[in-house]
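First up is the structure itself, then whatever we jot down about it.
The values are calculated or read from the model by the stated rules, or taken from the named source; none is laboratory data. Predicted, not measured: the structure shown is a model, and the values here were computed from it. Don't worry about glycine lacking a Cβ; one is built from the backbone with ideal geometry, like all the others, and counts go over all protein chains shown.
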Amino acid sequence: MGLLDSLLNMVAGSTKATKSNQNAVTSIMDVLVNNKQMGGLDGLIGTLSKGGLGNIVDSWISTGKNKSVSASQLNNVLSGDIVSQVAAKLGVSNTAAVSMIARFLPMIIDKLTPDGKVTAQSGAVNVQDIVSKILRK
């Protein structure tokens, strides 16, 4: 099973593969993971770690159980502009957007780092492949 299949099965298995959830995963990946200005996945992990969430992020990267993160913790670390970009893409409030980020980001990073480490290929995932595979489920 490939990385994309794992991510899709995990999202579909733990949450319904609704259009809303698909849009949330797509928007989070677009704004946070595939954002070259932010430094991609490495930059995102660095930002979260520098903001005091290193222990939590490490659990997402490792092969063990993922620790949860609260919307409040992410709101304190992510810039308002980043949260606003996700909110605008989803047509929701910043509060709703940061809650969605808290829900899906651990799963996304976990599946982008299946071997317990960040590699050059970790962030190189085509978001449209993920969306099309979710829609087929």
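Which residue pairs have Cβ atoms under 9 Å apart, sit 6 or more places apart or on different chains, and have a first residue in the range 21-35 that is on the phi < 0 side of the Ramachandran plot and surrounded by fewer than 24 Cβ atoms within 10 Å (Cβ to Cβ) and a second that is in a loop (DSSP other than H, G, I, E, B) and at pLDDT 85 or above?
Cβ pairs passing all conditions: Asn23/Gly91.
Quick grid of which residues meet (1) of a type in the set (A, V, I, L, M); (2) under 15 Å from the mean Cα position of the chain (by Cα); (3) modelled with pLDDT of 95 or more; (4) closer than 23 Å to Lys19 by Cα:
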{"position": "Asn75", "(1), (2), (3), (4)": "no, yes, no, no"}
{"position": "Leu78", "(1), (2), (3), (4)": "yes, yes, no, no"}
{"position": "Met100", "(1), (2), (3), (4)": "yes, yes, no, yes"}
{"position": "Thr113", "(1), (2), (3), (4)": "no, yes, no, no"}
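Look through the range 55-69, keep the residues that are out of contact with any Gly (no Cβ under 7 Å at 6 or more places or on another chain) and not in a helix (DSSP H, G or I), and return whichever of them is farthest from Gly116 (Cα to Cα).
Val69
Quick grid of which residues meet (1) in contact with a strand residue (DSSP E or B) (Cβ under 8 Å, 6 or more places away or on another chain); (2) within 15 Å of Val33 (Cβ to Cβ); (3) surrounded by fewer than 18 Cβ atoms within 10 Å (Cβ to Cβ):
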{"position": "Lys65", "(1), (2), (3)": "no, no, yes"}
{"position": "Leu74", "(1), (2), (3)": "no, yes, no"}
{"position": "Ser79", "(1), (2), (3)": "no, no, yes"}
{"position": "Val86", "(1), (2), (3)": "no, yes, no"}
{"position": "Val92", "(1), (2), (3)": "no, no, no"}
{"position": "Val98", "(1), (2), (3)": "no, no, no"}
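Gly52 versus (1) modelled with pLDDT of 95 or more; (2) crowded, with 18+ Cβ neighbours inside 10 Å; (3) outside any loop (DSSP other than H, G, I, E, B): which is the lone unmet condition?
All conditions are met except number (2).
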